[in-house]
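The values are calculated or read from the model by the stated rules, or taken from the named source; none is laboratory data. Since the model is a prediction, treat every value here as computed from it, not as a measurement. Every residue, glycine among them, receives a Cβ derived from its backbone with ideal geometry; neighbour counts consider all protein chains shown. Ligands, DNA and RNA are excluded from the accessible area calculation, which covers all protein heavy atoms including side chains. Shrake-Rupley method; radii C 1.70, N 1.55, O 1.52, S 1.80 Å.
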Amino acid sequence: MGILKYSQGFTPAMHPDVITKQLKDAANKRKTTSCFLVSMGDLFHSAVTDSFIDDVMAMVEQTPKVVYQVLTKRAERMELYFSTHKVPANLWVGVTCGHPQSLPRIENLRRIAAPVRFISAEPLLDDIVAAGLNLDGVDWIIVGGESGKCARQMQESWALSVKQLADASGTAFFFKQVGSVGFDGKRRSAKANGDLLQGKQYHNYPTPRINY
């Protein structure tokens, strides 16, 4: 990507300077904004130290005008960390779950006391509702198809099943994109395929818990 921070490729690396920069940037914000934590990595990877996670959480608490979202595939470690650390009031916690094998992560998520618990089913690679998806205790679910030249197709019926379950469970449903393979099986850019599900746009957000 030509960015020095990513010069080691996929080797996990911690960047304390980013924390310092975020503290400075957030101090100048007048309105509440949102920020996706660690968009190019996983904060709960085994190579990330507890002390670094502590520093990130301290930054979150010191910047209350920013609503942070942290997403992980390491649900067990996230649950373990927050079993001894309170989730900041401006931190939403989520797990990636786009195929049946990842469903157990939701059980870890459910046990974390947080203002918002969410699932990212992007890319959605299978019918996770038929596989046993349970949205009890989940405030928000994001669904989307895969992007890129090697993208796999998401079936429209899979996304509709998630929406129907979300509606029945009182879970906010956000449909992000169809992906690089349309529901008709044709490859296009993700932008060209858009973000409509049966002709409608669904960009719903959850209401955070005040007491959790």
**Study point:** Residue count for segment 11-47, restricted to those that are free of Cβ contacts under 8 Å to residues at least 12 places away in the same chain and within 19 Å of the chain's Cα centre (by Cα)
**Key:** 1
Check your understanding: What residue, among those in segment 92-116 that are in contact (Cβ under 8 Å) with a residue 40 or more places away in the chain and among the hydrophobic types (A, V, I, L, M, F, W, C), is farthest from E146 (Cα to Cα)?
Key -> A113
Review point. From Q8, Q62, Q69, which residue is surrounded by fewer than 18 Cβ atoms within 10 Å (Cβ to Cβ) and at pLDDT 90 or above?
Key: Q62
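From the list Q164, Q177, Q201, which residue is under 23 Å from A131 (Cβ atoms) and either among the β-branched types (V, I, T) or open to solvent by 70 Å² or more (accessible area, probe 1.4 Å) (or both)?
Matching residue, one of Q164, Q177, Q201: Q164.
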Practice item. Among the candidates M40, M14, single out the residue that is open to solvent by less than 80 Å² (accessible area, probe 1.4 Å) and modelled with pLDDT under 95. Key: M14
Practice item. Could you look through segment 72-107, keep only residues that are closer than 24 Å to I19 by Cβ and basic (K, R), and pick out the one that is least open to solvent (accessible area, probe 1.4 Å)? Key: R77
Exercise for review: State whether one or more residues within segment 108-128 are buried (at least 22 other Cβ atoms within 10 Å of the Cβ), under 20 Å from the mean Cα position of the chain (by Cα) and among the charged types (D, E, K, R).
Suggested key: yes
